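One structure is given below, encoded as structure tokens.
The values are calculated or read from the model by the stated rules, or taken from the named source; none is laboratory data. Please read all numbers here as calculations on a predicted model, not as lab measurements. As a convention, Cβ positions derive from the backbone with ideal geometry for all residues, glycine included, and neighbour counts pool all protein chains shown. Accessible surface is based on the protein model in full, side chains and every heavy atom, while ligands, DNA and RNA are left aside. Shrake-Rupley method; radii C 1.70, N 1.55, O 1.52, S 1.80 Å.
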Amino acid sequence: MTLVEGEMVSKRVPELGPLEFSLLDILWQLGGASAGEVLAAYNSQAEKPLAYTTVSTLLTRMGEKGVLKVDKERQPYRFTPSVTRERLLRQRVRDFVGTFFGGRMFDLALRLVEEEPPTEESIKQLEAILEKYKTGGKKRVRKGGREG
């Protein structure tokens with residue numbers, strides 16, 4: 001495993017359970033934190049609070065999986081994400097599309113539009129993306145129709 005621009009680079013981001021994902025989400029928001037800080041953030045929004053040892057154990061395991069960097073030079077240890085939200089989201093969407101749509105992203109897009117009709121702003125964003133492909137450009141277009 002190597003780091004490129006501060007992000008874990010390997011074939012796949014390891015599988016995460018719902019609780020691990022919740023803790024990772026907190027760390028994305030905070031940028032990095034101790035187990036106590038993650039515990040406080042989690043318990044402030046959770047229906048069922050967690051114990052310090054539970055959070056500490058989960059964060060340590062996530063570090064072993066390579067999802068978090070653990071700074072053991074400090075006390076208490078500081079945990080920071082090794083993977084970006086975008087990278088994890090990209091992988092999970094590909095997995096979902098592979099499983100439920102035979103790898104056809106377009107079929108997922110159609111299903112989403114059928115389930116919840118897009119807003120005028122969403123339609124403009126989609127049109128900007130489609131226009132790029134029509135004109136042969138393959139640059140990604142970000143939210144708001146901006147190139148990225």
Item to check | The lone exception for VAL70 - which of (1) of a type in the set (A, V, I, L, M); (2) surrounded by fewer than 17 Cβ atoms within 10 Å (Cβ to Cβ); (3) closer than 30 Å to LEU126 by Cα it fails | outcome: (3)
Checklist entry - Does at least one position in region 102-110 carry a residue that is in a helix (DSSP H, G or I), open to solvent by 100 Å² or more (accessible area, probe 1.4 Å) and at pLDDT 95 or above? => result no
Checklist entry - Take the residues of region 33-45 that are without any contact (Cβ under 8 Å) to a residue 24 or more places away in the chain and either surrounded by 12 or more Cβ atoms within 10 Å (Cβ to Cβ) or of a type in the set (D, E, K, R) (or both): which is nearest to LYS72 (Cα to Cα)? => result GLU37
Next on the checklist: With the structure loaded, tell me whether TYR133 is of a type in the set (Phe, Trp, Tyr), at pLDDT below 90 and assigned to a helix (DSSP H, G or I) or whether it fails that test.
Outcome noted: yes
Next on the checklist: Can you tell me which condition PRO118 does not meet? The list is (1) in a loop (DSSP other than H, G, I, E, B); (2) farther than 27 Å from ILE129 by Cα; (3) not β-branched (Val, Ile, Thr), and all the others hold.
Outcome noted: (2)
Next on the checklist: Condition (residue is free of Cβ contacts under 8 Å to residues at least 60 places away in the same chain, within 20 Å of the chain's Cα centre (by Cα) and loosely packed, with under 15 Cβ neighbours inside 10 Å) applied to region 111-121: is it met by at least one residue?
Outcome noted: yes
Item to check | Pair list, Cβ under 7 Å, 6 or more apart: region 84-95 residue more than 14 Å from LEU108 (Cα to Cα) and of a type outside the set (Asp, Glu), other residue open to solvent by less than 80 Å² (accessible area, probe 1.4 Å) and in a helix (DSSP H, G or I) | outcome: ARG85/TRP28
